[in-house]
Amino acid sequence: MAQEDTQPEEETTTLNRVVFSLGYTWIPQGDDLDDKESEGGFFVPAIGFDYFRKVHDRWEIGVMWDWELEHYIVREENLERERSMLFALIANYELMEHWAVFGGGGIELEKHENLPIFRIGTEYSVDIGQQWELIPTFALDIKKGFNTYNLAVGFCKRF
């Protein structure tokens, strides 16, 4: 009798992922610094870089870094913001395959005033092959005296 050599298929488990994202942050109380009669909020282009590590079947821990590329003012707070950088320690929970929610805290660094922040949000991953994903993300940043909303599209590589 011939013996068959059966070997179990190896699962490729990826524990790490990095994300590069492009998006916009909407500041409802923000105004263009040069436009004295502006009302109704201000959109700021932003780029981001995230790193996450899987720590359990549905949980990831990571850091998010966002950089706002504009100079604006929050009129009600009389707070000027210029090219601020946000760093946050984040816990990410996968609700179902491809859809996750996240939350965490950090700091927004800026030359006029640094602010503590709390970030919550959601993301949906679209597999595009070979451990690459496209990830639309929506986040709310709660800051001292005002909130901001971020909508971005990220390119993710799992490894």
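The values are calculated or read from the model by the stated rules, or taken from the named source; none is laboratory data. Bear in mind that the values here come from a model prediction, so they are computed numbers and not experimental data. Note that we place each Cβ from the backbone using ideal geometry, even for glycine, and neighbour counts take in every protein chain shown.
The table below gives the values:
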| read-out | value |
| --- | --- |
| Checking Leu79 against (1) surrounded by 16 or more Cβ atoms within 10 Å (Cβ to Cβ); (2) touching a residue at least 60 places away in the same chain (Cβ under 8 Å); (3) closer than 20 Å to Val18 by Cβ, the condition it does not meet | (3) |
| Where Glu97 falls short, out of the listed (1) in contact with a helix residue (DSSP H, G or I) (Cβ under 8 Å, 6 or more places away or on another chain); (2) without any contact (Cβ under 8 Å) to a residue 24 or more places away in the chain | (1) |
| Residue list for segment 89-114, filter: assigned to a strand (DSSP E or B) and of a type in the set (S, T, N, Q) | Asn92 |
| Residues (surrounded by fewer than 16 Cβ atoms within 10 Å (Cβ to Cβ) and of a type in the set (Lys, Arg)) located in segment 119-159 | Lys144, Lys157 |
| Selection within segment 94-104 - in contact with a strand residue (DSSP E or B) (Cβ under 9 Å, 6 or more places away or on another chain) and surrounded by fewer than 13 Cβ atoms within 10 Å (Cβ to Cβ) | Leu95, Trp99 |
| Out of Ile117, Ile73, sole residue that is over 16 Å from the mean Cα position of the chain (by Cα) and in a strand (DSSP E or B) | Ile73 |
| Residue check for Asp66: acidic (Asp, Glu), within 18 Å of Pro116 (Cα to Cα), buried (at least 19 other Cβ atoms within 10 Å of the Cβ) and modelled with pLDDT of 95 or more | yes |
| Candidates Asp57, Asp32, filtered to the one that is of a type in the set (Asp, Glu), more than 18 Å from the chain's Cα centre (by Cα) and more than 23 Å from Thr122 (Cα to Cα) | Asp32 |
